[in-house]
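**Student:** Just dropping this structure here.
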Amino acid sequence: QCPWGAPKAAPMSCSLADVMSEQLAKELQLEEESAAFPEVAAVAEGPFITGENIDTSSDLMLAQMLQMEFDREYDAQLRREEKKFNGDSKVSISFENYRKVHPFDSDSSEDEVDWQDTRHDPYRADKPTTTPKKGFIGKGKDITTKHDEVVCGRKNTARMENFAPEFQVGDGIGMDLKLSNQVFNALKQHAYSEERRSARLHEKKEHSTAEKAVDPKTRLLLYKMVNSGMLETITGCISTGKESVVFHAYGGKYVLYFTTEEDKVIPPECAIKVFKTTLNEFKNRDKYIKDDYRFKDRFSKLNPRKIIRMWAEKEMHNLTRMQNAGIPCPQVVILKKHVLVMSFIGQDQAPAPKLKDVKLSSEDMKKAYYQVLNMMQQLYKECNLVHADLSEYNMLWHEGKVWLIDVSQSVEPTHPHGLEFLFRDCRNVSQFFQKGGVTEALNERELFNAVSNLNITAENEVDFQAEIEALEKMNEDHVQKHGKKVSTFPSDGDPPIWGE
Ligand code: ADP
Ligand code: MN
């Protein structure tokens, strides 16, 4: 007998590196998703959802969900058999390879924990979050049962027997199920890709995903929003930026399971901002969120995908604050993972023009300037925020006034770089309006003081900047010593130390 005990023999089917590889897991998932939703991927122009395929995609999704459910049950049964088979034996045989749901691609509940946990502004620690209704409740439209469809559906069900023998189709064959061609084909596809996937677990292969407007996961999210009736149709793409893609949609009905909040009316037109999940572009924005203490505890533990969700979350919270202060901005409709739905600024699918693109009369220009000055002050004092990307690109002209958008990067003034961001905003704003012929427009330093009430007296740009950085450092040192920020909401007392 070996003094160290019998070795536990768990046969490894593939290398640990393979199993641990995020890349591989993602690849497999993408492949599976595109195989499972073939007609979605086939829509060449992108993820637009038209009225015609709503019904089938809903069936499809139901079928997909049932399959997942079945796979999970199958695995549970497998585990029981494995246990029974091995009994008390010191040497055990692993059934791992026969599992349907692979540990790295199951949409784990951990992954599902998203905005629902933080829909209250984390800055304001108020009453605990109510537990929202969980997840997606598929609500398939009534299946139209024309006679030949019934027959055809039954045939399809029977044909499932022709899938590869390892592919478990459940006991559906014995039942009077009617599968539409679309659903049948999707399941068949799924069966094939499942086969191939099992084979491919052992060999890693280069896999290039064609750049589409949005990834399959996002497409599914958008589908759910349309299927649920919350959105009527998604008409098209308004903007493709480095960090986000924005779509226009017509609003639908309020749907209960999307949120447990009080009755909400979906605006007639919505903008859907999809934060890009390609990570590289976000790397350089780390500094905004990493140092935002509202997100400090969470940042270190998060994977990049979750960080991107946090951008969406941040935009939601910031918009809500602005809304509460009465600043013209999009109204939040719903946040789902990295997809933010808000009211559309514009009309009949035409987004309101950016300030940089609109030709204003000198009177309107002056009006716009004073409005922007006002909004910057409100943002700072009432919302405790600095926009941090304020320029003529992120201000829309609509209904005779300026609307602020794009606030995912906005931070609180006590953010370690908050005042620098504010100064940059001021520079953009004052340059734009001065060039636009507004003679009353304050210069950037005057504007900075007018917004922040800080009274920095430096005469030139360089000294001014230096004073700003000194103030930021002062606050950081205070944080180091006392472990907390000095400034909170004005209503909470405690002004920033530099406000004294
Ligand atoms: P990005 O980070 O890509 O700049 P933005 O939030 O600025 O994201 O959105 C990009 C563009 O999409 C905007 O310049 C604007 O034209 C349009 N857009 C965004 N949100 C809305 C909205 N709520 N209503 C109308 N247009 C919008
Ligand atoms: Mn923008």
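**Student:** Could you list which residues have their amide H under 5 Å from that of HIS398, counting only those 5 or more apart in sequence or on another chain, with H placed in the peptide plane?
**Tutor:** TRP403
**Student:** Find out how many positive minus negative residues lie around GLN371, taking Lys and Arg as positive, Asp and Glu as negative, among other residues whose Cβ is under 14 Å from that of GLN371.
**Tutor:** -2
**Student:** For CYS270, list long-range residues whose amide hydrogen, built 1.01 Å from N in the peptide plane, is under 5 Å from its own amide hydrogen.
**Tutor:** For CYS270, the qualifying residues are ALA249, TYR250, GLY251, PHE344.
**Student:** Which pairs in the list LYS367/LYS435; LYS306/LYS356; LYS253/LYS314; LYS26/LYS84; LYS273/LYS354; LYS273/LYS337 are over 23 Å apart, alpha-carbon to alpha-carbon?
**Tutor:** Those over the limit are LYS306/LYS356; LYS253/LYS314; LYS26/LYS84.
**Student:** I've got another one for you. Quick one: 3J(HN,Hα) in Hz for segment 369-378, Karplus 6.51/-1.76/1.60 with θ = phi - 60°, rounded, Gly and Pro as x.
**Tutor:** Coupling constants for segment 369-378: 4, 5, 5, 5, 4, 4, 5, 4, 5, 4 Hz.
**Student:** Note the full-extension length gain between ASN303 and THR233 as 0.36 nm times their separation in residues minus their Cα-Cα distance, in nm to one decimal.
**Tutor:** 22.0 nm
**Student:** Give, as a single signed number, the net charge of other residues whose beta carbon lies under 9 Å from the beta carbon of PHE464, with Lys and Arg counted +1 and Asp and Glu -1.
**Tutor:** After counting each charged neighbour, the total is -4.
**Student:** For TYR250 and GLU399, calculate 0.36 nm times their separation in residues minus their Cα-Cα distance, and state this gained length in nm to one decimal.
**Tutor:** Numbers: separation 149, 0.36 × 149 = 53.64 nm, distance 1.96 nm.
Going from the current span to full extension adds 51.7 nm.
**Student:** While we're looking at this one, here's another question. Could you pull out every residue, at least 5 positions away or on a different chain, whose amide H is within less than 5 Å of the one on ILE238? Hs are placed 1.01 Å off N in the peptide plane, and Pro or chain starts have none.
**Tutor:** VAL246, PHE247, HIS248
**Student:** Residue-wise, which Karplus ³J(HN,Hα) couplings in Hz belong to segment 396-412, taking 6.51 cos²θ - 1.76 cosθ + 1.60, θ = phi - 60°, and x for glycine or proline?
**Tutor:** 10, 9, 8, 6, x, 8, 8, 10, 8, 10, 6, 10, 5, 9, 5, 10, 7
**Student:** Find out how many positive minus negative residues lie around GLN347, taking Lys and Arg as positive, Asp and Glu as negative, among other residues whose Cβ is under 14 Å from that of GLN347.
**Tutor:** Spelling it out: positives minus negatives among the neighbours equals -3.
**Student:** Quick one: what are the phi-derived ³J(HN,Hα) couplings along segment 328-344, Karplus 6.51/-1.76/1.60 with θ = phi - 60°, whole Hz, x for glycine and proline?
**Tutor:** x, 7, x, 9, 5, 9, 7, 10, 10, 6, 9, 10, 10, 9, 9, 5, 8
**Student:** Test of understanding: what is the full-extension gain from LYS84 to ASN185, defined as 0.36 nm times their sequence separation minus their Cα-Cα distance? Show your work: numbers first, answer last.
**Tutor:** Numbers: separation 101, 0.36 × 101 = 36.36 nm, distance 3.67 nm.
Between LYS84 and ASN185, full extension yields 32.7 nm more.
Just so you know, all these numbers are worked out from the coordinates, no wet-lab data involved. These numbers were taken from a predicted model, which means no experiment stands behind them. Please note: Cβ atoms are built from the backbone with ideal geometry, for glycine as well, and neighbour counts cover all protein chains shown.
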